[in-house]
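As structure tokens, the structure follows; a few thoughts come after it.
The values are calculated or read from the model by the stated rules, or taken from the named source; none is laboratory data. Everything numeric here is computed off the predicted structure, so don't read it as measured data. Note that we place each Cβ from the backbone using ideal geometry, even for glycine, and neighbour counts take in every protein chain shown. What goes into the accessible areas is simple: the full protein's heavy atoms, side chains included, and nothing from ligands, DNA or RNA. Shrake-Rupley method; radii C 1.70, N 1.55, O 1.52, S 1.80 Å.
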Amino acid sequence: MNTTTYNFVKKRDDLYRLFDGNRTVVAEHRNMGFDSDDSYSAYCIAMSLLQDSGEALLVHRKRGFSRSTNLAYLELIGILQTLLIDQDALRELNFSLFNNREPCQRKADYPAWYRLRETRHLVAGHPNHMQGAKSCYVVRGEISYSKIVLCQSKREPNKLQSLSRFQNLELGKELESYDTEAGRILDKCTSKLRSRFQKQNTPAISDRGASNLQEGG
């Protein structure tokens, strides 16, 4: 069994413990200390989705793809869709604390985030009806975290034939890079939440939340 551990799953749990350790105090504040009811709702929903998506991605990574090509294909589509849910949840989490849904505005700083999002749209979006007369499909055969062959085709104007390009998607490596990028977003959110508690709570309360965070880690 693969022993890969995604740090962003643990960091999501650390953020949850930080909030939960201060819950009795923030309950005294309007909107549980968030700027608005929408912000608090976004936080709650995001944390639930991050737990579901993160744990599912981790469990599958440790188990690996099915040996059945058909089942492996369905698993791949599920993984790509789950990544999209995970990213959207991170956007909602960012909104809950920073009032914007763009945690990674600079594409150069989050290359895996954008590559995986684009791959999802290529493979699991509308692969046969893309702009520019493009299409994409998964080549039948071995599907693993180190080898997923994609074929992208583009029909040239006024030509019957299309140009095809094959590429190997190393999903495992992409997910490891995504793990680092998602972890940075969660670190930023944790720092913001801790700073907010320090303004709202007494030092003793903040220390208790930090203590719970360390014990849970």
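Structure notes:
- A 1.4 Å probe run over the protein chains yields, for the range 27-93, 50 Å² of accessible area per residue, whole-number rounding.
- Summarising the amide proton neighbourhood of L169: residues at separation of 5 or more, or on other chains, whose placed amide H is nearer than 5 Å comprise I148, V149, L150.
- Normalised by the number of residues in the range 1-149, the mean separation of alpha-carbon contacts (under 8 Å, six or more apart) gives a relative contact order of 24 percent.
- In this view, the solvent-accessible surface of D88, computed with a 1.4 Å probe and all protein chains in place, comes to about 60 Å².
- When peptides 76-87, 21-32 are sorted by average Cβ neighbour count within 10 Å, with the highest value leading, the order is 76-87, 21-32.
- Beyond 28 Å in Cα-Cα separation lie the following of the pairs K11/K199; K107/K147; K62/K192; K173/K199; K107/K188: K62/K192; K173/K199.
- Within the straight-line cut-off of under 20 Å between alpha carbons, the lysines reachable from K154 are K134, sequence neighbours fewer than 8 places apart in one chain being disregarded.
- With a Förster radius of 22 Å applied to the C-beta separation of S144 and L74, the computed FRET efficiency comes to 0.90.
- FRET efficiency for the pair Q167 and D187, taken as 1/(1 + (r/R0)^6) with r the Cβ-Cβ distance and R0 = 45 Å, rounds to 0.90.
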